[in-house]
Structure formats: C-alpha cells, structure tokens
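One structure below.
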Amino acid sequence: MTDGTHLTTVETVKEAGSWLFTVRDAYGELDEVILVPCEDGVEGWINRCPHEAQRLDVGRGAAMRNGEIVCPRHGSTFDSCAGDCDNGEAAGTRLVPVETTVDDGDVYLSDRSVTVANEGGIADADTSPADDVDDDLPSSTSHIGF
Ligand code: FES
C-alpha cells in the first residue's frame, strides 16, 4: 500500500500536460504545486518561477515545450524532470521540488512537509463571494505571498 494522499493518475497528467493542486504547510500557509509529465512518471514542483515569483500555471495549465516548463513572464524554460533552468532570466535557478510517488499509475503526495488543501489553485478553494474570481479574465494576479 502506498503512503501518501492520492492526487491523480499519471495518465491524467500526461493528457492535460500539467496538473495543479494546492498544499498547506505546517504553519497553515497555502502554496500551489504543479505535476508535470516526466520520463518515469511525473514530478511535482512549487508553482512559482524562482526568478520573479511568477506562477508557471496561471490557471490554464503550465505551458510545456519539448519536455520543459515555460515561464509565462520571461520565457525561461525548466527541465520538467530536474527542475533546473539554463536559459534566459532564470538561468542557474531550480524549481522547488515537492515529493510525489507513483504507484501503479496513481500519483500520491509523499512530501510530509505539506498536506493537500484542494485540487486546482489557491483561488479555486476560496468560496467567499467577496473574493469572487472571474475565470474569463486573464489571471495575472498572483495569490502567492512574498
Ligand atoms: S519570472 Fe520566470 S523567467 Fe522571469
């Protein structure tokens, strides 16, 4: 039996190109994580470019090109398996990993420093009418604290 919280399937991540979910740390802080296809299954990364804290998936799936995640702000690309970047503004940086496990095609969150808050982004968990999110508008606002 696999230890960890079931997230989705490898097939779903491969079909969608990326899969966004939100985690909560020990202090109650929320952060977003993207799962992206990798040679041996999937990898999990904090949904934030290390260059200027830009969300990689702004709510429509991360842009992927030739097995790399493309930052929407300046276009640097990150190896989806290793998380490192060797080009553009973010050259020399690496995405923050979130440990996941694949078992029989299912993906589990095995990183013990966080727990699953919800599928989708941080905004997707907010049901407050005062903070309604219009899905038709470009999602350029980051909900991630600095
Ligand atoms: S914010 Fe991602 S490359 Fe600049």
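What follows is calculated from the coordinates using simple rules that are stated; it is not laboratory data. Keep in mind the model is a prediction, meaning the values are calculated, not measured. Cβ placement follows ideal geometry from the backbone for every residue including glycine, while neighbour counts extend to all protein chains displayed.
Determine, for R48, R60, the number of other Cβ atoms within 10 Å of each Cβ, and report the residues in order from fewest to most.
R60, R48
Could you tell me the calculated FRET efficiency between A26 and T93, based on Cβ-Cβ distance and R0 = 22 angstrom, to the nearest 0.05? Numbers along the way, then the final one.
On the way: r = 25 Å, r/R0 = 1.14.
My answer for the efficiency is 0.30.
Would you please give the FRET efficiency between T9 and C81, computed as 1/(1 + (r/R0)^6) with r the Cβ-Cβ distance and R0 = 22 Å, to the nearest 0.05?
0.75
³J(HN,Hα) across region 41-48 via Karplus (A = 6.51, B = -1.76, C = 1.60, θ = phi - 60°), whole Hz, x for Gly/Pro?
Each residue of region 41-48 in turn: x, 9, 10, x, 9, 4, 7, 7 Hz.
If you take the Cα Rg of region 5-123 and divide it by 2.2 N^0.38 Å, with N the number of residues, what do you get?
With N residues counted in region 5-123, Rg over 2.2 N^0.38 Å equals 0.97.
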